[in-house]
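Participant: Take a look at the following structure, please.
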Amino acid sequence: MTVKVPDTKGCSRCSVVRNPYNGFRYLCGALPDSIFLMQWYDPLNKFMLLKNFNCTVPSPLKVFELFISPDCEYPLVCIGVGLLSRTQLKFDHINLNSASSWQYEMTPVNLQADVVYVSQIDRDTIIVCYDNVVKVVNMQGRLKSNRKQAAELHFDFNVEHLVCLQDSVLAFYKHGMQGRSFRANEVGCGSSVDEVTQEICDKTRIFRVLGSDRVVALESRPADESAAASNLYILTGHENSYG
């Protein structure tokens, strides 16, 4: 069953998150000149408007993800990621908990990451993917690393779509997919390498991810015949994704 969410005409991006600290589920969306925040009410079986924030967001809006902080009742809205250094990212966000600080300061354009994926997976862990890199950082954007888990994965292609699993990621690109594990394999002298868990590479085909919510659906077409009828594939053999 499909139900229209009222007062959302013109919404360009939206995101849903559950706050594990208060149990509430929130829906947040970006309108041309404002951001709305809704909360799910079980008795009415629908989202109800909580707040509407008058502010202008970047256009095009490439990033729109919700972060949960144990110190805040409402989510933080991430609208961009800056590259300060190899080990430090900066999250450009709007704090919906403030009554006065809805304005924000974006990272300069030359330092902005072309983000493919950003998602909070636990209280102080966020996974960010841009270009050919996947990074695991904390809420302050600093790289998280330890002897048992890699904080940075590199691919030999630019990632077009990312699926995050329990201890690995699946990175998709034009001619296939590669899975890499966060579990660090010791090589010696304190270094480590990430393990390839799955791989598909076929330069005669063009692949496109159609959906990755629990089930990964792929479209495939001949590389030399873009107008040809496509084939659909369901990717199996991987663990459940976060969320």
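The values are calculated or read from the model by the stated rules, or taken from the named source; none is laboratory data. Being a predicted model, the structure only gives us computed values, none of them experimental. Cβ sites come from the backbone with ideal geometry, for glycine too, and all protein chains shown count toward neighbours. With ligands, DNA and RNA removed, areas are computed over all heavy atoms of the protein, side chains included. Shrake-Rupley method; radii C 1.70, N 1.55, O 1.52, S 1.80 Å.
Participant: Using a 1.4 Å probe on the protein chains only, how many percent of the accessible area of the chain belongs to carbon and sulfur?
Facilitator: Of the solvent-accessible surface of the chain, carbon and sulfur hold 48 percent.
Participant: Between residue 11 and residue 231, take the C-beta separation as r, use R0 = 25 Å, and let me know the FRET efficiency to the nearest 0.05.
Facilitator: Numbers: r = 33 Å, r/R0 = 1.32.
Given R0 = 25 Å and the Cβ-Cβ separation, E is 0.15.
Participant: If you don't mind, another one. With N set to the number of residues, divide the alpha-carbon radius of gyration of the chain by 2.2 N^0.38 Å and report two decimals.
Facilitator: Values: Rg = 19.5 Å, N = 243, 2.2 N^0.38 = 17.7 Å.
Against the compact-globule rule of thumb, the ratio is 1.10.
Participant: I would also like to ask the following. Springs between alpha-carbon atoms under 10 Å, Gaussian network over the chain: tell me which of 118, 17, 215 tops the mean-square fluctuations.
Facilitator: 215
Participant: Same structure again: Going through the cross-link list 9/62; 90/174; 9/46; 46/135; 4/135, which pairs have a Cα-Cα distance over 25 Å in this structure? List each step's numbers first, then the result.
Facilitator: Numbers: 9/62 19 Å; 90/174 29 Å; 9/46 17 Å; 46/135 35 Å; 4/135 36 Å.
In this structure, 90/174; 46/135; 4/135 lie more than 25 Å apart at Cα.
Participant: Sticking with this one: Could you work out how far apart the two model spin labels at residue 44 and residue 210 are, taking each label as a point 7 Å from the Cα in the direction of the beta carbon, and quote it in nm?
Facilitator: Roughly 3.6 nm, to one decimal.
Participant: Under a plain spin-label model, where a point goes 7 Å from the Cα along Cα-to-Cβ, how far apart in nm are residue 73 and residue 195?
Facilitator: Those two pseudo-labels are separated by 4.6 nm.
Participant: Sticking with this structure for a sec: Pulled fully out, how much extra length does the chain show between residue 34 and residue 138, if you take 0.36 nm times their separation in residues and subtract their Cα-Cα distance?
Facilitator: That pair, residue 34 and residue 138, stretches by 34.6 nm at full extension.
Participant: Assign one of three labels to the stretch 19-93, namely rounded, prolate or oblate, based on the Cα gyration tensor with a ≥ b ≥ c the square roots of its eigenvalues; rounded applies when a/c is under 1.5, prolate when it is not and a/b is larger than b/c, and oblate otherwise.
Facilitator: Because a/c hits 1.5 or more and a/b fails to exceed b/c, the stretch 19-93 counts as oblate.
Participant: Take the Cβ-Cβ distance between residue 2 and residue 85 as r, set R0 to 45 Å, and report the resulting FRET efficiency rounded to the nearest 0.05.
Facilitator: 0.50
Participant: About its Cα centre, what dipole magnitude does the stretch 11-117 give when the only charges are +1 on Lys and Arg Cβ and -1 on Asp and Glu Cβ, stated in debye to the nearest 20?
Facilitator: 180 debye
Participant: Which value in Å does the Kirkwood hydrodynamic radius of the stretch 1-142 take, with 1/r averaged over all unlike C-alpha pairs and then inverted?
Facilitator: Computed over the stretch 1-142, the radius equals 15.9 Å.
Participant: First measure r as the distance between the Cβ atoms of residue 217 and residue 122, then evaluate 1/(1 + (r/R0)^6) with R0 = 25 Å and state the FRET efficiency to the nearest 0.05.
Facilitator: That gives a FRET efficiency of 0.40.
Participant: I would also like to ask the following. Quick one: accessible surface of residue 122, probe radius 1.4 Å, all protein chains present, in square angstrom to the nearest 10.
Facilitator: Near enough 80 Å² of accessible area.
Participant: With a 1.4 Å probe and every protein chain left in place, work out the accessible area per residue of the chain in Å², rounded to a whole number. Write down the numbers at each step before the final one.
Facilitator: On the way: 13880 Å² over 243 residues.
Normalised by residue count, the accessible surface of the chain is 57 Å².
Participant: For labels at residue 98 and residue 59 in the simple 7 Å Cα→Cβ model, what's the distance in nm?
Facilitator: According to this spin-label approximation, the distance is 2.4 nm.
Participant: Once you list every other residue whose beta carbon is under 12 Å from the beta carbon of residue 117, what net charge do they have if Lys and Arg are +1 and Asp and Glu are -1?
Facilitator: Taking every other residue near residue 117 into account, the sum is -2.
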